[in-house]
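Structure record follows, encoded as structure tokens.
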Amino acid sequence: MTGFDSVLIANRGEVVTRVARTARAAGYRTIAVASDVDRDAPHTQACDAVVAIGGARPADSYLRIDKLLHAARVSGAQAVHPGYGFLAENAEFAQAVIDAGLVWIGPPPAAMRAMADKASARLAVAAAGVPVLPGYDGADQQRATLRAAAHAVGWPLMIKARAGGGGRGMRLVLEPAQLDAALDSAAAEAQAAFGDARLLIERALLAPRHVEIQVFADLHGQVLHLGERDCSVQRRHQKIIEEAPSPAVSPALRRRMGEVAVTVARAVGYAGAGTVEFLLDAAGDFWFMEMNTRLQVEHPVTEALLGIDLVEWQLGVASGDALPMTQHEVLARFEAGGHAIEARLCAEDPARGHLPQAGRVLHWQPPRSVRCDHALVSGCEVSPYYDSMLGKLIAHASSRHAAIHQLADALDRTVCLGVATNRAFLAHVLRHPAFAGDAVTTAFLDQHCADDAARGAAAPSWLCALAAASHAALAPAAPPALWAGWTSSNRIETVAPIEVGDAVQAWRLAGAPHEFTAICGTQTHTIAGLVRESRSIVHAVIDGRPVSARCVHEGDTSWWQCEGVELAARDLRLAGTQTARSAAPGALRAPMHGRVTQVHAVPGARVNAGALLLVMEAMKMEHQIHAPFAGTVSVLHARLDDQVAARQVLIEIVA
């Protein structure tokens, strides 16, 4: 490692803005890279220069080692920071950077290789005396061998992809009858995600805590553990809320887990930032899961407790500096640092099974009360080609209770309209009594919030009435002050139909412009003083209660947020035949923006109920579209490799 004055950040999105913020403050010149769809992305504005690398899909852009090295060469970069995701844990990329004469801001390639294969990592740490769960790590991947190993390990068990991470290629198997299907699907997903279908088998703990230890090592032989983070709140093995310290870890257990994590790092000759992940049971026993050889998404909670900047430490270690603290100083700061919690804001629709969403962020306003790492601006595009995470919010307070309250309030104040997000769902999880009571394991969402996403996504009728009334009675932009309150009629008498989700609501509005009633079915609301203050703020008094709502319009759709609740409403007054077609029971619509990867439907063909018709992929997730009933495929609107928009009609079936 040598001195350097410029850094290419080989990634995209919020991690680029995060790394660039520290690097620029330290005096380094920063260079971003951008795929074709990211040419105007906010992360490109966070750096001093940007190099186009072409392509759209990761395989054509951010996963191309040759393009990234070319970008470093033409920009004059002297060092490369990989961020997280993409090639951050790819030892071949690290070695290629070093071979090109550049400084790699990450661990040695040999250490990355040792931990890249989960089976080899298990064997290596077990040899160093680190506890691992019973399992099968063998090279023989024949189905008969895997079946025999599974029966030897016992039930329940977890099948895992040997390569990669992020929960891809993981399957929980509770009984022997589920084994073959789980092996097939895990291998297929691992092959698609990592180009490696090899699997390992491990005894499963059904409701453990997921606790990870941040480690840091310099080039002078010093290895520190920086305390733990509890990452137990997960969906599909993806972390969504992380906190430090863990409510389940005592000072003695912290030191014991930290020492084991340091042992893991020393066993592979580690340097730089890394995370050793463990499963922890209620008795305080823990087992090694894996080591992430990079900076983690959730690193800010550790920074909050210690009052440090881990990217600054990465830059220092890559320059040959010694770590600036001792182990005693780290633990003293950590244990006096209060409590920090992070929530990951993702473009996904909780009401539709958390399906990833793409589109345009029409209005973005982060909260001022907490740290918010993001790469968003109003008008930016959320691409279907990449991960759904938009950013993260981090609260830091003197106690866990105060941090929870601070973060939930900040989520209420976060405005991200135009694309569905998990913002309200995250706030709901934080306010759940079981979360406040520390009853948190990896089974938390299934046990406590399984039905809450869909149930909580139903917008209150008063907000639906406000949206319908605004469509009918207000211009999309605020009028000049001289015209405020002007109307050509002294009475409102109209029907304002809107589509919310898959339901059509016909609101009947009647009364004077300054106060009228809105009726839909059994719901009746009085709306007074309806006025648009600006393009994005509407005020009204609904049923005697003053409300101020954020709103934005695009085409015939408006997005609303008020009192922590969101709503997307489509104005149906001018809707034509496409609306009628999409509302038909046999019209199958895209649940998300994405690419069509398989087409099994054939026009004119008879299909059975449940038949697989089409497969879409977006943001690392695959979604299958099945026939809702037996019938005939009348029209096929989508072809293989088409990019389709959310709610676009793909197939029509006649019963």
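Taken over segment 198-246, the criterion of being over 21 Å from the mean Cα position of the chain (by Cα) and closer than 19 Å to Q447 by Cβ is satisfied by A204, L205, L206, A207, P208, S246.
Being part of a loop (DSSP other than H, G, I, E, B) and either open to solvent by less than 10 Å² (accessible area, probe 1.4 Å) or out of contact with any Leu (no Cβ under 9 Å at 6 or more places or on another chain) (or both) is a property that does not hold for Q214. Scanning segment 303-314 for residues that are under 12 Å from F216 (Cα atoms) and open to solvent by less than 10 Å² (accessible area, probe 1.4 Å) yields L310, V311. Among the residues of segment 359-389, those that are farther than 18 Å from T557 by Cα and either among the polar types (S, T, N, Q) or assigned to a strand (DSSP E or B) (or both) comprise Q365, S369, R371, C372, D373, H374, S383, S388, M389. Annotation note: of A336, A343, A332, A322, the sole residue that is open to solvent by less than 20 Å² (accessible area, probe 1.4 Å) and either among the small types (G, A, S) or within 19 Å of V15 (Cβ to Cβ) (or both) is A343.
Scanning segment 1-48 for residues being open to solvent by 10 Å² or more (accessible area, probe 1.4 Å), over 20 Å from the mean Cα position of the chain (by Cα) and among the hydrophobic types (A, V, I, L, M, F, W, C) gives a total of 6. Residues that are over 27 Å from the mean Cα position of the chain (by Cα), at negative phi, at pLDDT below 95 and surrounded by fewer than 19 Cβ atoms within 10 Å (Cβ to Cβ) do occur in segment 263-282. Contact map, segment 623-641: residues that are over 11 Å from V602 (Cα atoms) paired with residues that are among the basic types (K, R), Cβ distance under 8 Å, separation 6+ or inter-chain. Pairs shown: A630/R606; G631/R606; D641/R595. Condition first: assigned to a loop (DSSP other than H, G, I, E, B), open to solvent by 10 Å² or more (accessible area, probe 1.4 Å) and touching a residue at least 60 places away in the same chain (Cβ under 8 Å). Can you find one or more residues in segment 179-202 that meet it? Within segment 179-202, one or more residues are assigned to a loop (DSSP other than H, G, I, E, B), open to solvent by 10 Å² or more (accessible area, probe 1.4 Å) and touching a residue at least 60 places away in the same chain (Cβ under 8 Å). The residue that is most open to solvent (accessible area, probe 1.4 Å), counting only those in segment 447-475 that are under 22 Å from R647 (Cβ atoms), assigned to a loop (DSSP other than H, G, I, E, B) and modelled with pLDDT of 70 or more, is A458. Scanning segment 70-88 for residues that are in contact with a helix residue (DSSP H, G or I) (Cβ under 6 Å, 6 or more places away or on another chain) and at negative phi returns V80, H81, Y84, L87. Only strands (runs of 3 or more DSSP E) whose full extent lies in segment 505-615 are considered here, and the ones with at least 3 residues that are open to solvent by 10 Å² or more (accessible area, probe 1.4 Å) and farther than 29 Å from W364 by Cα are 515-520, 523-534, 594-599.
The values are calculated or read from the model by the stated rules, or taken from the named source; none is laboratory data. Note that the structure is predicted; figures quoted are calculated from it, not measured. A quick note on method: Cβ atoms are made from the backbone with ideal geometry, for glycine too, and the neighbour counts reach across all protein chains shown. Only protein heavy atoms, including side chains, enter the accessible area calculation; ligands, DNA and RNA are left aside. Shrake-Rupley method; radii C 1.70, N 1.55, O 1.52, S 1.80 Å.
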